[in-house]
Amino acid sequence: MNDQSEQFKSFKAFYPYYLAEHNNVTCRRLHFIGSTLVLLILFVALLQKQYMLLLLLPVVGYGFAWIGHFFFEKNKPATFKYPLYSFLGDWVMFWQILTGKIKF
C-alpha cells in the first residue's frame, strides 16, 4: 500500500485513523498551538506584506505537531504517509478543538 488511495478511499474513512493517532492531549495541544500560530503568521504576513514570513508556516505548523508526535504521542506523524489527508485532518481537528468537540 504505497499511496493513501489504496488504504483510505476518502477523507471520511481516514479521519478516524487520524484521530486515533492523536490520543495524547499534549500532542493535540501542540497541534492546536502550531495551527493557531500558522494563522497568525499568515494574517500578519499578508496584512503587512511581509511575504518572507510565509516561509515560517511549514516550520511552525509541522514543528509543533512533530514535537507532539515524537515526544508525547510517541508515533510517526501521519503526514509522512498521508500528506494531503493529514493536512486536512489538522484543520478539521483544529476546528473541532476550537468548537469544543475534541478535548483540549
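What follows draws every value from the coordinates through simple rules; no lab data is involved. This one's a predicted model, so the numbers in the text were calculated from it and none came from an experiment. Methodologically, a virtual Cβ is constructed for each residue, glycine included, from the backbone with ideal geometry; neighbour enumeration extends over all protein chains shown.
Once you list every other residue whose beta carbon is under 15 Å from the beta carbon of H69, what net charge do they have if Lys and Arg are +1 and Asp and Glu are -1?
Value of the local net charge: +2.
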**Study point:** Dipole axis of the chain (+1 Lys, Arg; -1 Asp, Glu on Cβ), positive-most option in H69, Y85, T99
**Key:** T99
Check your understanding: Label points 7 Å out from Cα along the Cβ direction at T36 and A20: separation in nm?
Key -> 3.0 nm
**Study point:** Within-12-Å neighbourhood charge of K103 [Cβ basis; K, R +1; D, E -1]
**Key:** +3
Review point. With contacts defined as alpha carbon pairs under 8 Å and 6 or more residues apart, what's the relative contact order of region 11-98 in percent?
Key: 39 percent
Revision key, fill the gap. Treating only Lys and Arg (+1) and Asp and Glu (-1) as charged, each at its beta carbon, one finds that region 11-98 has a dipole about its Cα centre, in Debye to the nearest 20, of 40 debye
Review point. Rounded, prolate or oblate: which fits region 34-87 when a ≥ b ≥ c are the square roots of the eigenvalues of the alpha-carbon gyration tensor, with rounded for a/c under 1.5 and prolate only if a/b beats b/c?
Key: prolate
Check your understanding: Between K49 and R29, 0.36 nm times their residue separation minus their Cα-Cα distance comes to what?
Key -> 4.3 nm
Study note, to complete from the structure: For the chain, Rg(Cα) over 2.2 N^0.38 Å is 1.11
**Study point:** Long pairs among K74/K103; K49/K103; K49/K76, criterion Cα-Cα beyond 27 Å
**Key:** K49/K103; K49/K76
